[in-house]
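The structure appears below as structure tokens.
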């Protein structure tokens, strides 16, 4: 327990200055940007708005004050939970995030579970039937899948399953005609995005599980288990797979940036109303308040993923737990 | 043993042939087609809009009647150019950071490595999106956004390479022989680092192309009028929903195939440079 607490403290000590630097960096970039937020906010109306009115908005927003003063004001509000108003959605940023975050968590959560279970099964089968045609299809497919951009995979799946076969909806959260959010309808709409995200993220995992199970299958204790006449399934799952799993946890945490990237693209392809696609909409409209929060959320997800992986590793491996070595 | 090794060797040779052939064909197309067949972005031909693949249009036409194959080749050229410049930028940044961190060491090294960890904590695409959003979609913004996000791996490789070179006898001999820092760097370090840097650049190009197409696909990359692969995939989305797969999916093949070819080549090179792995594979 002490080890875990020390690790959490260490990570937080790294995260706080990092997040501060990220906010400074974002603010500096926004200030260096040639876009005028007031014009952006007004859109086409900027052409017909009187200069005095624009000046007044500027004053209201505090854009006419010195940059440092603006930054401290913005950061102060930020720390107090006031994230400003999203210029894309014309609503407070906090509301937009609260509305959308659950959908992102739901979809990515399901994708992670599917990806883990799927790659463990598929990778173990490939290792078990090593060099057979099954293995060749699996490892070849996983290798090729690494070269396929997730948005292209998404469009391909959309074409096959939504357009050609008509089995699944092509995008959105619910049926356009429905006025309520029906869980079954949502589940139906979620199949494609979750599947595509899971498949696109899982190729390295499949290859990794395969390599590591092949490695453990050569170990003495596996040979011993076989010699004792245990069933093949017991040998494979209880002996080989179990010890192949350890490094897996850290690697999973390290893949968090790819997962965030995948979520951004998949949500955009399938018009899934999550935070990841909101960041794209915010970027298209140069909506700094919303974009800043989504960028920080992405960074937090990566840091949190690393921390969770380390904690999981500590709990799973008694050597790390007692000796405090990684 | 040989009976098992042979079919594997055959497969590996086939994949190598496939990789080289793909890269040669695409490379020739990118080099030779644009000078012969001019592409005028402004010309649309609504009479031949949305045609399926045929002899005159091998990959069909898009929703305003432009030939998908021709535009894809142009798109690959644009994506490749942007990808190569972006790779060079990020390799330069990564190489410099790694060189400084590895050769100066101490506090500088620790600080630089923390900065690197920090950059790695921000999802690359998100940082790219942020940069492009603030500076309007343009080739320069894309190059900058790829450049500042992709240097970290190179920096790590170069740093560890410099650290291992530093303790080699020939460097120690040079230093004790009175060679200056600049001379050691120029005569002894750089020639060793060069192959690594070239390989890193080649391997980074598909990454950079991926990054560029992802940004363009989201509408945040190259300006919409440019025939880039990401823009084409994005434009083709509408026709995809009505069943015209080619306008969107065909340009994607021009990303998938070269990326796969480079990955196969890299794999092959790795096995060749590491004979232990090769013999393990053929067991």
Residue A:172 is checked against (1) under 23 Å from the mean Cα position of the chain (by Cα); (2) in a helix (DSSP H, G or I); (3) at pLDDT below 85 and fails just one. What number does that condition carry?
(2)
Provide a single number: the residues in the range B:9-35 that are without any contact (Cβ under 8 Å) to a residue 12 or more places away in the chain and over 19 Å from the mean Cα position of the chain (by Cα).
7
Sort through B:68, B:142 and tell me the only one that's touching a strand residue (DSSP E or B) at 6+ places or on another chain (Cβ under 7 Å) and either crowded, with 24+ Cβ neighbours inside 10 Å or within 14 Å of another protein chain (Cβ to nearest Cβ) (or both).
B:68
Find the helices (runs of 4 or more DSSP H) located wholly in the range A:256-326 whose residues include 2 or more that are modelled with pLDDT of 85 or more and not assigned by TED's automatic domain parsing to the domain that holds residue A:79, and list them.
A:256-269, A:275-284, A:288-316
Can you confirm whether residue A:166 is on the phi > 0 side of the Ramachandran plot and in contact (Cβ under 8 Å) with a residue 40 or more places away in the chain?
no
So which residues in the range B:233-259 are more than 9 Å from every other protein chain (Cβ to nearest Cβ) and either within 19 Å of residue A:267 (Cα to Cα) or surrounded by fewer than 20 Cβ atoms within 10 Å (Cβ to Cβ) (or both), if there are any at all?
B:235, B:238, B:239
Go over the candidates A:213, A:181, A:209, A:117 one by one and state the one that is surrounded by fewer than 17 Cβ atoms within 10 Å (Cβ to Cβ) and in a helix (DSSP H, G or I).
A:117
Residue within the range A:31-47 that is in a helix (DSSP H, G or I) and at pLDDT 75 or above present
yes
Qualifying position, being part of a helix (DSSP H, G or I) and away from chain B (no Cβ under 14 Å), among A:162, A:144, A:187:
A:187
Does residue B:211 qualify as being closer than 30 Å to residue B:12 by Cα, more than 7 Å from chain A (Cβ to nearest Cβ), touching a residue at least 12 places away in the same chain (Cβ under 8 Å) and surrounded by fewer than 21 Cβ atoms within 10 Å (Cβ to Cβ)?
no
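The values are calculated or read from the model by the stated rules, or taken from the named source; none is laboratory data. Since the structure is predicted, the reported quantities are computational estimates derived from the model, not experimental observations. In this analysis, Cβ positions are derived from the backbone assuming ideal geometry, glycine residues included, and neighbour counts consider all displayed protein chains.
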